[in-house]
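First comes the structure, then the notes that go with it.
The values are calculated or read from the model by the stated rules, or taken from the named source; none is laboratory data. Model, not experiment: these values are computed from the prediction. Virtual Cβ from ideal backbone geometry, glycine too; neighbours counted across all protein chains shown. Heavy atoms of the whole protein, side chains included, go into the accessibility calculation; ligands, DNA and RNA do not. Shrake-Rupley method; radii C 1.70, N 1.55, O 1.52, S 1.80 Å.
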Amino acid sequence: MKIGVLALQGDFDAHRRRLEELGAEVVLVKKPEQLDSIDGLVIPGGESGTFLKLLGEEGFAKLKEFVHAKPTFGTCAGAILLANEVENPHQAGLGALNIRIRRNAYGRQIDSSIRQGRLISEKSGDSPIEMVFIRAPKIEHVGEGVEIIATEGTDPVAVRQGRTMASTFHPELSADPRVHQAFLDLCGTPARRP
């Protein structure tokens, strides 16, 4: 299995290291045509508007096609890009997750924090997990078909719909590999036939 990490900005290298630690073959994706040769994709944090500029129209269209066909995991800015609806301000998204998300909802860079949340999984039930929030977005609405897989207080902070996952926190910056492992498990799940 070959997993791509979108390497345009953000801490893509931390994702690469974590995925390799878990046994995945990783490709740093810098050009749209590289999407053709991977089985799953991680879209890291960064600044979602900058991602859109760097991707350009052709890259955005290719990425949109990919996320609707193959497993994708977005963290922070990646979660924003995967959402159906984006607020503060409104921006285009890939429409892969039936969620409404608000950019920078937890405040500015100075308001970044490490918190304890809950990871909900079939394997381990409901267990504590460290979460690193950096200028984090907030999932304000979870629509039909979306499963909440992690919470911080009462807020959903990680979700899954089909073979797409997103987290508003940065699992690549903590020592806990379970969120990335959940994505790799998702990559091994066959696509549902319509």
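Please note which strands (runs of 3 or more DSSP E) are completely contained in the stretch 117-188 and include at least 1 residues that are touching a Lys or Arg at 6+ places or on another chain (Cβ under 6 Å).
125-133, 138-142, 147-152
Of all residues in the stretch 145-173, count the ones that are open to solvent by 20 Å² or more (accessible area, probe 1.4 Å) and either at positive phi or within 12 Å of the chain's Cα centre (by Cα) (or both).
6
Is it the case that residue 94 is in a helix (DSSP H, G or I) and either modelled with pLDDT of 90 or more or surrounded by 23 or more Cβ atoms within 10 Å (Cβ to Cβ) (or both)?
no
Can you tell me how many residues in the stretch 48-70 are open to solvent by less than 60 Å² (accessible area, probe 1.4 Å) and either of a type outside the set (A, V, I, L, M) or farther than 14 Å from residue 36 by Cα (or both)?
Selection size over the stretch 48-70: 11.
Could you count how many residues in the stretch 122-144 are open to solvent by less than 60 Å² (accessible area, probe 1.4 Å), of a type outside the set (A, V, I, L, M, F, W, C) and closer than 18 Å to residue 74 by Cα?
Residues in the stretch 122-144 being open to solvent by less than 60 Å² (accessible area, probe 1.4 Å), of a type outside the set (A, V, I, L, M, F, W, C) and closer than 18 Å to residue 74 by Cα: 2 in total.
Output the number of residues of the stretch 6-58 satisfying the condition of being farther than 25 Å from residue 103 by Cα, acidic (Asp, Glu) and in a helix (DSSP H, G or I).
Residues that pass the stated criteria total 4.
Just the residues that are over 16 Å from residue 186 (Cα atoms), open to solvent by less than 10 Å² (accessible area, probe 1.4 Å) and in contact (Cβ under 8 Å) with a residue 60 or more places away in the chain, please, taken from the stretch 16-47.
Once the filter is applied, which keeps residues that are over 16 Å from residue 186 (Cα atoms), open to solvent by less than 10 Å² (accessible area, probe 1.4 Å) and in contact (Cβ under 8 Å) with a residue 60 or more places away in the chain, the stretch 16-47 yields 44, 45.
If only one of 121, 113, 167 is modelled with pLDDT of 95 or more, hydroxyl-bearing (Ser, Thr, Tyr) and either more than 17 Å from residue 70 (Cα to Cα) or out of contact with any strand residue (DSSP E or B) (no Cβ under 9 Å at 6 or more places or on another chain) (or both), which one is it?
After applying the criteria, what remains is 167.
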